[in-house]
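Report on the structure given below.
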Amino acid sequence: MNQVILRELFVEQIQDIYDAEKQLVKALPKLAKAAQSEDLAQALRAHLGETETHVTRLEEIFEMLDMTAKGKPCKAMKGLVEEGGEAAKEEKGARRDLAMIAGGQRVEHYEISAYGTARTMAEQLGLGEAAGLLQLTEDEEKKADATLTKVAETLYGSLDDESDDADGELAMASAGSGSKNGSASKGGKKSGR
């Protein structure tokens with residue numbers, strides 16, 4: 001492949017990833033705040049620190065290319081972040097956390113793919129140092145994905161607890177409304193005598 005074309009594609013990939021990471025730097029604190037599980041909140045806060053490092057690494061790669069760090073709007077990340085934000089607003093309890101984890105894992109898989117592609121391009125261009133930085137970030141994205149899986153596994157049992165609580169509240173509400181009706185009819189019978 002023509003090296004000029006490959007370099008242009010590589011730059012586009014880096015610009016896309018750069019914008020994606022910048023979007024995450026803004027989104028992760030909000031998601032951490034919305035998390036009910038302290039394990040999830042901690043995982044999101046830790047990944048925020050990593051994400052800030054990812055931004056710095058990308059800026060280093062731009063420097064290696066003698067370019068100013070500049071993002072190109074990443075529509076895919078925008079959509080993924082919006083979905084995660086919706087889950088944080090619409091759901092509650094463990095269900096919210098699990099929905100946020102599902103969204104977070106979609107983000108991680110997108111990033112793993114993006115970093116893997118960019119790393120391969122860097123290798124083809126003979127940009128070994130850039131490839132090394134991209135590999136380091138790809139590995140951290142894989143670890144973040146694994147962490148989210150572990151947190152999700154701890155939350156699955158919480159869904160049963162929430163379901164039992166909801167069933168109990170529903171049963172109490174039904175019993176309460178039934179006893180009111182029963183009292184009224186008993187009271188009606190008494191006054192009818």
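No value in this document is a laboratory result; all are computed from the given coordinates. Just so you know, these numbers come straight off a predicted model, no measurement behind them. Cβ placement follows ideal geometry from the backbone for every residue including glycine, while neighbour counts extend to all protein chains displayed.
Observations on the model:
- Taking 0.36 nm per residue of separation and subtracting the current Cα-Cα distance, fully stretching the chain between Gln3 and Ala76 would add 23.6 nm.
- Label-to-label distance, nm, for residues given as Leu136 and Gln36 (7 Å Cα→Cβ offset): 3.9
- The stretch 1-139 - Rg (one decimal) and Dmax (whole number), Cα, Å: 16.0, 53
- Legend: calculated FRET efficiency, Thr56 to Leu159, from the Cβ-Cβ distance at R0 = 30 Å, rounded to 0.05, equals 0.20.
- Taking label positions 7 Å along the Cα-Cβ direction at both Lys150 and Glu86, the computed distance is 3.1 nm, reported to one decimal.
- All Cα pairs of the stretch 1-56, percent lying beyond 16 Å: 52
- Neighbour-count order for Leu9, Leu148, fewest beta carbons within 10 angstrom listed first: Leu9, Leu148
- The magnitude of the dipole of the stretch 3-155, with charges of +1 and -1 set on the Cβ of Lys/Arg and Asp/Glu and taken from the Cα centre, is near 540 debye.
- Relative exposure of Leu133, Leu44, judged by other C-beta atoms within 10 Å (fewest first): Leu133, Leu44
- Between the listed residues Leu136, Ala34, Thr51, the Cα displaced farthest toward the positive end of the dipole of the stretch 3-155, a dipole computed from Cβ unit charges relative to the Cα centre, is found at Ala34.
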